[in-house]
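**Student:** Starting off with a structure, shown below.
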Amino acid sequence: MACTPRRAGSRLYADYDASAVELVKGIKTAQSIGFTLSEMGPIAAAYVVGCLDDARQRELLAAKLDEIEVRQRELAEMSEFLRAKLDDLKATRQHESHSQEP
């Protein structure tokens with residue numbers, strides 16, 4: 001992937017070829033679905049040299065989906081715990097306020 005420098009007034013800009021633009025779009029999409037930039041490094045490198053075939057893409061996407069589903073289960077467990085704790089605290093507070101009445 002190469003860029004062509006061009007001057008516009010006093011500034012120097014770079015025009016990138018379509019493959020570079022597609023790579024950046026792919027990286028942004030991957031970030032939006034949970035891939036980190038460090039995860040994207042080897043993937044982008046494979047894309048640039050033409051080694052990112054459909055089978056490898058499916059493997060990477062399936063692994064990310066598994067990771068997200070595990071995280072969803074963990075978050076659901078955390079939510080359940082917090083709801084239960086809040087309910088316990090509410091019940092304790094109500095019990096204490098009723099037991100203090102004359």
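Values quoted throughout were computed directly from the atomic coordinates according to the rules given, and no laboratory measurement underlies them. Keep in mind the model is a prediction, meaning the values are calculated, not measured. Positions of Cβ are backbone-derived with ideal geometry, glycine not excepted, and every protein chain shown enters the neighbour counts.
**Student:** How far apart, in nm, are two points set 7 Å out from the Cα along the Cα-to-Cβ line at Ala62 and at Arg6?
**Tutor:** It is 4.4 nm.
**Student:** Roughly how tilted is helix 54-99, in degrees to the nearest 10 and between 0 and 90, from the longest Cα axis of the chain?
**Tutor:** 20 degrees
**Student:** Among the aspartates and glutamates, which have Cα under 16 Å from the Cα of Lys90 when same-chain residues fewer than 8 positions away are ignored?
**Tutor:** Answer for Lys90, where 16 Å is the Cα cut-off: Glu80, listed by chain and number.
**Student:** In nm, what is the difference between 0.36 nm times the number of residues separating Thr29 and Leu82 and their Cα-Cα distance?
**Tutor:** 15.8 nm
**Student:** Okay, next question. Bin all alpha-carbon pair distances of the stretch 43-100 at 5 Å intervals from 0 and give each bin's fraction as a whole percent.
**Tutor:** 4, 16, 11, 11, 9, 8, 8, 6, 7, 5, 5, 4, 3, 2, 1
**Student:** Output needed: percent of Cα pairs per 10 Å distance bin for the chain, bins running from 0 to the one holding the longest distance.
**Tutor:** With 10 Å bins starting at 0, P(r) equals 12, 25, 18, 14, 12, 9, 7, 3, 0.
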